[in-house]
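Notes to accompany the following structure.
The values are calculated or read from the model by the stated rules, or taken from the named source; none is laboratory data. Quick caveat: nothing in here was measured; it's all calculated off a predicted structure. As a convention, Cβ positions derive from the backbone with ideal geometry for all residues, glycine included, and neighbour counts pool all protein chains shown.
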Amino acid sequence: MANAEAVARVVPAKVTRPGGSDVLVRERLFQLLDDPRHPVVWISAPPGSGKTTLASSYIAQHGLTHLWYQLDAGDEDPATFFHYLGLAAKHAAPRMRKPLPALTAEYLAGLPVFARRYFEALASQLKPPVLLVLDNYQDVAPGAPLHALLRDGISALPEGFRTLVLSRTPPPPELSRMLVNERMRLLGWEELRLTVDEVRGFEQLRQRGARQGRSLSSEELHGRTYGWAAGLVLLLEHDVRTAPQGPAGGGHQILFDYFADEIFLRLDARVQKILLAAALLPKMRAQTVAALTGDASSEALLADLHRRNYFTLQHGGAPAYEFHPLFRDFLLGRARATFTPAELADLQRKAAALSEAEGQIEVAAELLREAADWDGLARLALGHAQPLLEQGRSQVLQGWITSLPPDRLAANAWLSYWLGLCRLAFNPAEARGHFERAYDAFKAANDLAGRCVTWCALVDSVVFEWGNFKPLAPLLADMEPLLAHASQLPPPLDAELACGMFLATMYARPQHPDMPLWEQRVREVILRGGNPRLQVKIGNHLILYHTWWIGDLAKAELLVNTLRAQVTAPGVAPLVRITWDAMAAAYYWMSAENAECVACVDHGLQTAQSTGVHLWDMLLCSQGVFATLSSDDAAAGARYLQRMEAGLSNSRPMDQAMYSYLSAWLRVMQGSLPSAREFAETAVAMATQAGAEFPAAVMRIDLGRVRLRQGDAAGALSLVRQARAEGRTMNARTVEYLSLLAEAEIAMHMDNEALCLETLRLGLQVGAAQQFRNQTWWLSSTMARLYAKALEHGIEVPYVTAVIRKRRLAPPANVSGLDRWPWPLQIRTLGEFAVLKDGEPMRFAGKAPRKPLELLKALIAFGGSDVSQELLTDALWPDLEGGHAQQAFETTLYRLRKLFGDEAPFVLKDGRLTLDASAAHVDVRALERLLDTTDEELRGRALAPAELDERLRRLCTLYAGHFLAQESGPWALPLRERLRSRFLRTIEELGRAFEGRQDSTGAVRCYQRGLEVEPTAETLYLRLMCCHQAVGQPAEALAVYRRCRRALSTLLGVPPSRDIEAVVALLNRSAAPSPDP
């Protein structure tokens, strides 16, 4: 608490406005600063020209809300700049509603965006007008990233915000655009030079109107100083008769040192000592200087210097002081010449301790470095490492640690650990080297906590590198003996260790029997909440494990839905929101919610673009490719791939492997098989080399698919079976499923029906158990053929039906079994008329709309395709003429389309109406296709009894009754009679085929099924009677005759035909007893 209070008390000195006493008001310069045409003013002039005093007095004169920021070399680290700018904002607006973000590692890939959003957030919490002052800009090195970031940030400030830059140098090239577009105005030495009147006014302020025997006039003072403010101050303090001529544009430090030396030598030794010691501190409180020097008069001395405007500025109400840079440089030079090295080092160490106590840790570090106090610097680094990293200031910490001599660095394992964390976001391989040294040292010292925390960092370095998982295996072997002692660890480290074990096991030994245990532990850590860092670190790996690896979509759904409430809460960091988007996208894709997946991907990428957090861009883009390609949208998939390609880096080989894998999928869809093979082989090789067993197995399966399409079925089968064997060692149900379906596809291509059905049955059993709805390298045309075959053979029908409906999968052309296909729309006209949507009858509010449905029936009766509008109007509105019939048709078609909604399958083109065959299943069409194929088969070859039975079953299932049997319109009669005639003829032919195989039982069954549908079909009665007669069953034959006679009499009012009566006569004669001989 005390340290926090010290920080709050001292830190604002860097970000508070310095003030002088009796300051000259320079109205001519104030007018230039007031010009609203230039939101940025750059004041460039030599040291001692009065830049800081001008800006400070301008603010005081106008009472402006302002942010004052004094730059130094440490601000070359952008994270340090944004950290202190946030403190400046808090100082300016103590009631700030929301803290500004720290520049942590996730923002590093998008620094320009971060800068713009930071300045936008800053402006949103301050009420204009506001002036931002950047003092001592010359201390930022040329080429430092801060130049471009400030350009982007300042440009994002809205109207009412102005920026004033104080520098000894002109604007850097990065800011030149502001000059070109006239957003920036330059004020230089010529403008800043004191005029004669200003010299006179300054002199009057200093002398309070009394010349005190000065012999030089204001004009002479101006001539000697050339309008240089610092020179004027010195001349007024010095015997002017011996002073040299003032500079005409250079040599300010030399001249200052000359004057200051003359004045300094007049001071007594006690005052000199105070000033020399105080100069070690860039900013100091009087109490601090008193503690440093042991002289209680320090406060009075500093106050007097400030009162006299003698190069001493004051910050804040509880004053902190700061020497002008010219004065401080002079004093530091004097200190090095006055004190012995040992005395100077002692003072520096003491000043460092005081600075650290006040929270000025950068000052403390620099003093310790100058004093070569390496133990002190190491202690400082270790004490402040965690908060510095949390603030995103890893470069500051890295600078401290790397300035230590190698032997001091090697002597403390924690220094190597923290140095590794500093480098982790920039170079995981380099970081791993530091972690390894720390781990070895902790292991040698038997330090369990140090060993465990460094082991977790080692795992992170391997996973972050995303290119070689092989080092994880020895790490696992080294950690497993320590797990028995994990209960001794504090809970946060225990959770960290669980995450490390999960990652290492997942990527190095997924077949390990403890893998489910670590999955459960990590899931509990994430679902429990309270640790956003671990959620970000492990969340996407866990969701990939649930979706891709073990295919447990229920756990994935729970994870996504549980975290949803957390990420939508106010104030959640962008990285946490993006992580959830990536996790949700993975779940939605595997659930075949491709639109939702794309929405999450785009939201995550938009958040990344708007915040500069690009950590998960590659994963999000890959999810976008999965969703779009599995929706058959190659163009959208290509766009995500282009974005992936732009982000590829040689430092992350698995990103390149995934890009190649997805590119191969796209090339297959585009028909470019040589390119697809090259990409797929590259993906497999890179994943194998990286030791990524699961991705390598999945990629191997799809390389097999490419080989199949190139005609190498044997090679494809070998790759797929190899992948299945690998998947089984990992207990990866997803690999099992994918490999079985791939083998079924290969067998289908090879016309190996038995192998196809066997592997299809096994694969769909896995799919049904896991409820898979999507998969890698989904190709709708291939999956439609496999699903049609599954439906035809009764394989996992409920699951397959559900997937087809979920995916809105169109049926394949020219395959059997489409009558079983779960069409989204089904229209039944054979028997009772019905319209089904997703297998359920459509419900109509109130009375069924008679005329729109009549239009649908007539359209089908006339063939369903390219039916002329005139034909339909003549059939349905015979009494209307011309425009009235046209209007009736258009109104009825509109109502019909409205009934079906967005999926209305009606196309009107050039006056012809079509019922889209790909969008709706019409039983009439299916019946006609089946009649055609059955007739062809009966003519072409002798069908086996089982085949004949199957054709019979399907025909009778489809022909559930006469076409629109309840419809009395004359337009329905032609198709009704044609279908009836064709159905009966085909049933007869099937029966004769049974008879031809001497299968009277099958023939009887066939004719009986036909008569169930059409009880007046005399031909079927005749064939049925003949079958009974042929097998010596006259009684059964006569029973069929009696049934026929009743049906014809009752339904048609006619007697049986002569042919039937002739058979009956024959049966009666054969049944009569023979006369006695």
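Of all positions in segment 834-841, none carries a residue that is outside any helix (DSSP H, G or I), among the small types (Gly, Ala, Ser), modelled with pLDDT of 90 or more and farther than 30 Å from residue 789 by Cα.
Give the residues of segment 13-62 that are on the phi > 0 side of the Ramachandran plot and either surrounded by 21 or more Cβ atoms within 10 Å (Cβ to Cβ) or of a type in the set (Gly, Ala, Ser) (or both), sorted by residue number. Matches in segment 13-62: 48, 50. The set of residues in segment 770-789 that are touching a Phe, Trp or Tyr at 6+ places or on another chain (Cβ under 9 Å) and more than 25 Å from residue 625 (Cβ to Cβ) contains only 788. Quick one: in segment 555-580, of everything that is surrounded by fewer than 24 Cβ atoms within 10 Å (Cβ to Cβ), of a type outside the set (A, V, I, L, M, F, W, C) and in a helix (DSSP H, G or I), which residue is farthest from the chain's Cα centre (by Cα)? Of everything passing the filter in segment 555-580, 555 is farthest from the chain's Cα centre (by Cα).
Residues in segment 780-810 that are assigned to a loop (DSSP other than H, G, I, E, B) and surrounded by fewer than 18 Cβ atoms within 10 Å (Cβ to Cβ): 793, 794, 808, 810.
Every condition in (1) in contact (Cβ under 8 Å) with a residue 40 or more places away in the chain; (2) within 39 Å of the chain's Cα centre (by Cα); (3) buried (at least 19 other Cβ atoms within 10 Å of the Cβ) holds for residue 347 except the one numbered (2).
For segment 646-667, the count of residues that are in contact with a Phe, Trp or Tyr (Cβ under 7 Å, 6 or more places away or on another chain), surrounded by fewer than 22 Cβ atoms within 10 Å (Cβ to Cβ), not in a helix (DSSP H, G or I) and not assigned by TED's automatic domain parsing to the domain that holds residue 110 is nonzero.
Conditions tested, residue by residue: (1) modelled with pLDDT under 90; (2) surrounded by fewer than 18 Cβ atoms within 10 Å (Cβ to Cβ); (3) of a type in the set (S, T, N, Q); (4) under 27 Å from the mean Cα position of the chain (by Cα).
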position	(1), (2), (3), (4)
469	no, no, no, yes
473	no, yes, no, no
479	no, no, no, no
529	yes, yes, no, yes
535	yes, no, yes, yes
538	no, no, no, yes
542	no, no, no, yes
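Scanning segment 376-406 for residues that are charged (D, E, K, R) and either touching an Asp or Glu at 6+ places or on another chain (Cβ under 7 Å) or modelled with pLDDT under 95 (or both) turns up 390, 393. All of (1) surrounded by 16 or more Cβ atoms within 10 Å (Cβ to Cβ); (2) without any contact (Cβ under 8 Å) to a residue 40 or more places away in the chain hold for residue 142 with one exception: (1). Among the residues of segment 400-450, those that are closer than 25 Å to residue 494 by Cβ, small (Gly, Ala, Ser) and free of Cβ contacts under 8 Å to residues at least 40 places away in the same chain comprise 416, 431, 438, 441, 444, 445, 450. Take residue 947 and tell me if it is assigned by TED's automatic domain parsing to the domain that holds residue 870 and either at pLDDT 90 or above or crowded, with 17+ Cβ neighbours inside 10 Å (or both). No, not satisfied. For segment 713-741, the set of residues classified as among the aliphatic types (A, V, I, L, M) and more than 21 Å from residue 511 (Cβ to Cβ) consists of 713, 714, 716, 717, 741, listed by residue number. Quick one: residue 968 ticks every box in (1) outside the structural domain of residue 934 (by TED's automatic domain parsing); (2) among the polar types (S, T, N, Q); (3) surrounded by fewer than 19 Cβ atoms within 10 Å (Cβ to Cβ) bar one, so which box is it? All conditions pass for residue 968, except number (1). Among the residues of segment 903-944, the one identified as touching a Ser or Thr at 6+ places or on another chain (Cβ under 7 Å), of a type in the set (D, E, K, R), part of a helix (DSSP H, G or I) and more than 21 Å from residue 838 (Cα to Cα) is 935. Within segment 37-52, one or more residues are closer than 30 Å to residue 361 by Cα, at pLDDT below 95 and in a helix (DSSP H, G or I).
The test for being within 29 Å of residue 810 (Cα to Cα) and either aliphatic (A, V, I, L, M) or buried (at least 16 other Cβ atoms within 10 Å of the Cβ) (or both) does not hold for residue 876. When segment 310-334 is filtered for residues that are in a helix (DSSP H, G or I) and either within 18 Å of residue 288 (Cα to Cα) or in contact with a Cys (Cβ under 6 Å, 6 or more places away or on another chain) (or both), the ones remaining, listed by number, are 328, 331, 332. Please verify whether residue 316 is on the phi > 0 side of the Ramachandran plot, modelled with pLDDT of 85 or more and not hydroxyl-bearing (Ser, Thr, Tyr), treating the condition exactly as stated. In short, no. If the condition is being polar (S, T, N, Q) and touching a Phe, Trp or Tyr at 6+ places or on another chain (Cβ under 8 Å), then segment 901-951 contributes only 914. Reported count of residues in segment 747-779, each being modelled with pLDDT of 95 or more and among the hydroxyl-bearing types (Ser, Thr, Tyr), is 1. Looking across segment 123-137 at every residue that is in contact with a strand residue (DSSP E or B) (Cβ under 8 Å, 6 or more places away or on another chain) and part of a helix (DSSP H, G or I), the one that is surrounded by the fewest Cβ atoms within 10 Å (Cβ to Cβ) is identified as 123.
Checking segment 151-170 against the condition returns a match, with at least one residue being assigned to a helix (DSSP H, G or I), among the aliphatic types (A, V, I, L, M), closer than 30 Å to residue 127 by Cα and modelled with pLDDT of 85 or more.
Residue-wise test of (1) in contact (Cβ under 8 Å) with a residue 12 or more places away in the chain; (2) over 52 Å from the mean Cα position of the chain (by Cα).
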| position | (1), (2) |
| --- | --- |
| 864 | yes, no |
| 873 | yes, yes |
| 878 | no, yes |
| 929 | yes, no |
| 949 | yes, yes |
| 959 | yes, yes |
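Of the residues in segment 596-610, at least one is surrounded by 20 or more Cβ atoms within 10 Å (Cβ to Cβ) and at pLDDT below 95. Remark: pairs (first residue in segment 751-765, over 11 Å from residue 790 (Cα atoms); second residue part of a helix (DSSP H, G or I) and of a type in the set (Lys, Arg); Cβ separation under 9 Å; 6+ apart in sequence or on different chains) = 753/789. Of the residues that make up segment 95-108, is at least one assigned by TED's automatic domain parsing to the domain that holds residue 161, under 25 Å from residue 302 (Cβ atoms) and either modelled with pLDDT under 90 or not in a strand (DSSP E or B) (or both)? The answer is no; no qualifying residue exists.
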